[in-house]
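The values are calculated or read from the model by the stated rules, or taken from the named source; none is laboratory data. Quick caveat, the model's predicted, so the values are computed rather than measured. Using ideal geometry, Cβ is built from the backbone for each residue, glycine included, and neighbour counts are taken over all protein chains shown. Heads up: the accessible areas ignore ligands, DNA and RNA and are worked out on the full protein's heavy atoms, side chains in. Shrake-Rupley method; radii C 1.70, N 1.55, O 1.52, S 1.80 Å.
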Amino acid sequence: MKATPGIDLIIINATATASDVVPNQDIAISDGKIVLLGQNLPALFPSAATLDAEGAYVTPGGVDSHVHLQQDNSPTGDTWESGTRSAIAGGTTTVLAFASQKRTDESLFPVVEEYHRRAGGQAYCDYGFHLILTNPTPTVLDKELPVLVSSGISSVKLYMTYQPMRLGDGEILDVMESTRRLGMTTMVHAENHEMIQWMTEKLEARRRTEPYGHALARPNIAEDEATYRVISLSELADVPILIVHMSSKLAAAHVRAAQTRLLPVHAETCPHYLFFTSERLKGENFEGAKCVCSPALREDPMDLEAMWAGLANSTFTTVSSDHAPSKFDHPLGKKKGTSSFTQIPNGLPGLETRLPTMFCGGVLTGRISIQKFVELTSSNPAKLYGLGSTKGTIQPGFDADLTIWYPTPEQAASHGTSVMTPFQLSNDMLHHDIDYTPFEGMEFTNWPRYTILRGQTVWNRDAGGITGSKGDGAFLKRGPSTLSKPRNVFVNEFNPYSREPSQAAKSSGRDDGETLTGHSSSVKLRSPQSCSAKAWKRPLRLAGPTQASPVTQSPRTTIIPPGSWNPPRLWKNAVAYAIIVAGVNACEAGYA
């Protein structure tokens, strides 16, 4: 075979790891892409630079799909520069962070524009945005989300708790209807807000305001109930969901039960729910505030064991950091809550430590396989969030995003190399802009040795650390999930998304549309299929008696001009019109 020009780098002696473990491989990279896997590739491309993996695992660059950077509600947290710098130092090459809508924001466009401004030119690794929806108006759902999907933002996050952000069940269903239509991934923070609020009031009344009160106020049952409820909502709406940062054994069992019924329900957990219990919130000198997060760390070690079991048996689809830090020793950071746990900013730092904790605490201890590690930390997040054709695996055509580890003792023995010297972690070793790490003092026997972003070495632990630059990262336009989609299976014979008449309607002769009845009112809507194209484009006329005198007064008519309505939302509007305006008499909708 004749050598061809253009190979920029060859990783030699790699134990390439994705869905399979393939030892003694060389990985050829050109123009930021993997172009070839094989053996003895330097002989074919003698002019290419080489990097010796010394037999160690080479895994796809980490994809951390749940990261909070430079958000307004975290004034002491990481910026895009410091957060993504710590990402590459921990083997992560892609982060998906949040563009957060405030309740008062009527439009998403300025929100997204502002987060682009904050991230642009600042990132050490590739990145994308999720949308946090707190004010899902019809304009946002029907007009703005389609535009943002076309611009490469294909996921939303919803909250069932936190008063400034929470949505009611009906609002969640409305969002799900839109995300289903647009092929967006729907993420949900599942905790019962009313339970938490009730417990918080009781604790404050009894002056249990120390950091540990946070764990008491957010018991397992609040997560368990909300998890079951949002699974039910997703089944009703036939919408795939991912439940974020899960911590409870019973909540995980609800997910597992849904999956055995083939529902497209996914779950995420985080390293802090695998390693820490709520005892960490009892530290002296307010140290417990460092581990305040939501859901709270759990009291029972059995919850931690259930999280590990859920990783191994595929209940969990992803492991994220949920990196949402605040400085500890700062009046706007954790110490803001010295008077009450309700004022302690939620969240922990974990972006840099996510992969090392999972590799050392999971792979090297035998809790999970190296293939499962790759699946949870890279491949699945890439597929779930619309990056499955470019990120998350080691195959020709994919981005050359790679994490090269130190050899394990077995690998070192077989290749005549050495292992990494174990060390105890201290915060000054990390690259974030936070003054603590919850993993302080933990021993690590391995760490990413090299991080490669699109073919460029951006982290070299043996040569001083960061070798990449601010601005190396690029915004990623994402598509729909390749891991999950609606089933087109509904809870009964009614399909809430169909414009076609049901079988019952057809058998009764109502072949020109559904008649929806309720409160002694009815609305008849003709489907587009039963009308000519010309008629379908005409203004819509809703006619019905006025409420004041439904029998004697002439009908009141509302004209909806073409282009200002859409059929799915029209059904809801027409039913509301019939109930409010028509009273006890029928109201019929037709075309002029």
Conditions (1) more than 20 Å from the chain's Cα centre (by Cα); (2) open to solvent by less than 20 Å² (accessible area, probe 1.4 Å); (3) not aliphatic (A, V, I, L, M); number of the one not met by P295: (1)
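Please note which strands (runs of 3 or more DSSP E) are completely contained in the stretch 87-176 and include at least 1 residues that are in contact (Cβ under 8 Å) with a residue 12 or more places away in the chain and over 19 Å from M187 (Cβ atoms). Working first, answer last.
Working: elements: 92-100, 126-132, 155-159.
Ranges flagged: 92-100, 126-132.
So in the stretch 401-427, with the set limited to residues that are among the polar types (S, T, N, Q) and assigned to a loop (DSSP other than H, G, I, E, B), which one is surrounded by the most Cβ atoms within 10 Å (Cβ to Cβ)?
T408
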Residue in the stretch 91-109 that is more than 19 Å from the chain's Cα centre (by Cα), polar (S, T, N, Q), over 26 Å from T269 (Cα atoms) and surrounded by fewer than 19 Cβ atoms within 10 Å (Cβ to Cβ) present: yes
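Residues checked against (1) in contact with a helix residue (DSSP H, G or I) (Cβ under 7 Å, 6 or more places away or on another chain); (2) of a type in the set (S, T, Y); (3) under 24 Å from D78 (Cα atoms); (4) outside any strand (DSSP E or B):
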{"residue": "P325", "(1), (2), (3), (4)": "no, no, yes, yes"}
{"residue": "D329", "(1), (2), (3), (4)": "yes, no, yes, yes"}
{"residue": "L332", "(1), (2), (3), (4)": "no, no, yes, yes"}
{"residue": "G350", "(1), (2), (3), (4)": "yes, no, yes, yes"}
{"residue": "M358", "(1), (2), (3), (4)": "yes, no, yes, yes"}
{"residue": "R367", "(1), (2), (3), (4)": "yes, no, no, yes"}
{"residue": "E375", "(1), (2), (3), (4)": "no, no, no, yes"}
{"residue": "S378", "(1), (2), (3), (4)": "no, yes, yes, yes"}
Segments classed as strands (runs of 3 or more DSSP E), wholly inside the stretch 15-61, with at least 1 members that are of a type in the set (K, R): 33-38
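For every residue, the table says whether it meets (1) over 19 Å from T92 (Cβ atoms); (2) of a type outside the set (A, V, I, L, M, F, W, C); (3) touching a strand residue (DSSP E or B) at 6+ places or on another chain (Cβ under 6 Å); (4) modelled with pLDDT of 95 or more.
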site: A306; (1), (2), (3), (4): yes, no, no, yes
site: T342; (1), (2), (3), (4): yes, yes, no, yes
site: G350; (1), (2), (3), (4): no, yes, yes, yes
site: V363; (1), (2), (3), (4): no, no, no, yes
site: R367; (1), (2), (3), (4): yes, yes, no, yes
site: G386; (1), (2), (3), (4): no, yes, no, yes
site: K391; (1), (2), (3), (4): no, yes, yes, yes
site: I394; (1), (2), (3), (4): no, no, yes, yes
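If you check S74 against the conditions, is it open to solvent by 10 Å² or more (accessible area, probe 1.4 Å), modelled with pLDDT under 95 and part of a loop (DSSP other than H, G, I, E, B)? Please lay out each step first, then the result.
Details: open to solvent by 10 Å² or more (accessible area, probe 1.4 Å): yes; modelled with pLDDT under 95: yes; part of a loop (DSSP other than H, G, I, E, B): yes.
Yes, satisfied.
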Evaluation of D462 against (1) in a loop (DSSP other than H, G, I, E, B); (2) over 30 Å from T317 (Cβ atoms) (one fails), failing number: (1)
Lone unmet requirement of (1) assigned to a helix (DSSP H, G or I); (2) in contact (Cβ under 8 Å) with a residue 60 or more places away in the chain; (3) open to solvent by 20 Å² or more (accessible area, probe 1.4 Å) for E210: (1)
Some residue of the stretch 265-278 being open to solvent by 10 Å² or more (accessible area, probe 1.4 Å), part of a helix (DSSP H, G or I) and without any contact (Cβ under 8 Å) to a residue 60 or more places away in the chain: no
Residue under evaluation T377, criteria (1) within 17 Å of D401 (Cβ to Cβ); (2) open to solvent by 10 Å² or more (accessible area, probe 1.4 Å); (3) not charged (D, E, K, R), criterion not met: (2)
Number of the condition not met by Y228 [criteria: (1) open to solvent by 10 Å² or more (accessible area, probe 1.4 Å); (2) closer than 27 Å to T353 by Cα; (3) aromatic (F, W, Y)]: (2)
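In a loop (DSSP other than H, G, I, E, B), among the small types (G, A, S), farther than 26 Å from L242 by Cβ and modelled with pLDDT of 95 or more: is that true of S481 in this structure? First the steps, then the outcome.
Working: in a loop (DSSP other than H, G, I, E, B): yes; among the small types (G, A, S): yes; farther than 26 Å from L242 by Cβ: no; modelled with pLDDT of 95 or more: yes.
Judged against the criteria, S481 is not a match.
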